[in-house]
Structures are given as structure tokens and as C-alpha cells.
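Structure, as C-alpha cells:
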Amino acid sequence: MAAQQQVQKNTLYVGGLAEEVNEAIIHAAFIPFGDIKDVKTPLDQATQKHRSFGFVTFLEREDAASAMDNMDGSELYGRVLTVNYALPEKIKGGEQGWAAQPIWADADTWFERQQQEEEMQRMQAENRAAMQAAEDLHRKKMAEEREGEKEDEGRVKDDPMARAEVEVLKQNTS
């Protein structure tokens with residue numbers, strides 16, 4: 001390495017975790033070595049499962065060193081663990097995750113997504129308008145059919161649905 005990264009002496013990287021291992025199990029496996037401040041298992045965004053590794057942060061550096069010495073190469077749920085000091089987090093950015101490129105490198109894909117979203121919204125608005133027009137036309141036809149049956153006024157007055165359709169028809173024709 002050209003530039004050595006500063007290691008975090010109280011945070012351990014724990015690799016080789018089995019799929020069924022969770023943060024509680026990791027905590028239970030490492031608690032004999034000292035007080036634990038935090039346990040994290042980053043999730044894969046696609047599967048929402050951990051990515052076979054995690055981090056254990058101890059309150060004391062000596063506890064982390066003891067845990068690393070004892071747990072590196074040990075077995076947990078049938079898998080051999082790799083335990084080392086964790087490297088500091090890299091700065092995140094860009095669509096691909098870790099910043100291997102400037103943040104503005106995704107500008108083209110961002111604009112493409114924006115255009116796709118705008119197109120989808122336009123199509124949805126057109127679809128809603130077409131559905132409303134079809135519904136209005138259906139109501140109009142139903143009202144015309146009822147009108148064509150030459151029902152007496154008393155019957156229309158007693159039927160609230162017929163009254164509503166007649167009112168909608170009158171509003172649409174005005």
C-alpha cells in the first residue's frame with residue numbers, strides 16, 4: 001500500500017460469517033472478551049441479508065486485541081472466521097457505492113432517471129384522463145337509456161341513483 005491507512009484499534013472486522021448468523025449471535029460470541037460498544041452487519045441492498053461480514057466495536061482497545069487473537073481462525077456456525085482490525089470507512093458517493101469516481105460522474109444516469117420518471121407521470125396522467133372520459137361517457141349513456149325508457153317522474157324521484165345520473169347528465173350537457 002502506498003499510503004497506509006490508520007486502523008481503528010477498538011473496531012474489528014469479522015469476515016466469513018454464515019448466512020444464519022446475526023448481530024445478536026456475533027455479540028454473544030465476542031462478549032467474553034470485554035464490553036462491546038456496537039455490532040454491525042452491513043446488508044446487501046438486493047437481498048436484505050448481511051454480506052458475510054460484520055464489525056464489532058469494543059469499548060477498550062485491549063479487549064479488541066484479545067478478541068482478535070482468540071477469534072481469528074475460529075469457527076462459528078461451521079464457518080472459519082477472519083478477524084482483523086477494521087480500516088476506517090471510506091467516503092461514500094456515486095451510484096456505484098464507494099467513491100472511485102467523482103459524484104458528478106452519475107449526472108447522466110440521474111438525468112435519464114428523471115426523464116423516465118417524468119414520462120411515467122405523463123403516461124399515468126393520460127391514463128387517468130382517458131379512464132375519467134370513459135367513465136363519464138358510460139354515465140351519460142346509462143342516463144340516456146334511463147331517459148329513453150320514459151319512466152314516470154315519481155319513479156325517478158324515488159330512485160337516488162337515477163336522480164344522480166340525471167344531475168350528472170345535466171351538468172355535462174351544460
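The values are calculated or read from the model by the stated rules, or taken from the named source; none is laboratory data. Here the structure is a predicted model, which is why all the values come from computation and not from measurement. Heads up, the Cβs are rebuilt from the backbone with ideal geometry, glycines too, and the neighbour counts pull from every protein chain shown. For accessibility, only protein heavy atoms count, side chains too; no ligands or nucleic acids. Shrake-Rupley method; radii C 1.70, N 1.55, O 1.52, S 1.80 Å.
Testing the spin-label approximation: label points 7 Å from Cα along Cα→Cβ at Glu19 and Glu126. State their distance in nm.
Computed distance between label sites Glu19 and Glu126 equals 4.4 nm.
Mind giving me the FRET efficiency for Lys49 and Asn70? R0 is 30 Å, r the Cβ-Cβ distance, nearest 0.05 is fine.
Computed FRET efficiency for Lys49 and Asn70 comes out at 0.65.
What number comes out for accessible area per residue over segment 11-85 if the probe is 1.4 Å? Units Å², please.
I get 57 Å² per residue for segment 11-85.
Quick one: which of 41-53, 126-138, 17-29 comes out on top by average Cβ neighbours within 10 Å, and what's the full order, highest first?
In descending order of packing, they fall as 17-29, 41-53, 126-138.
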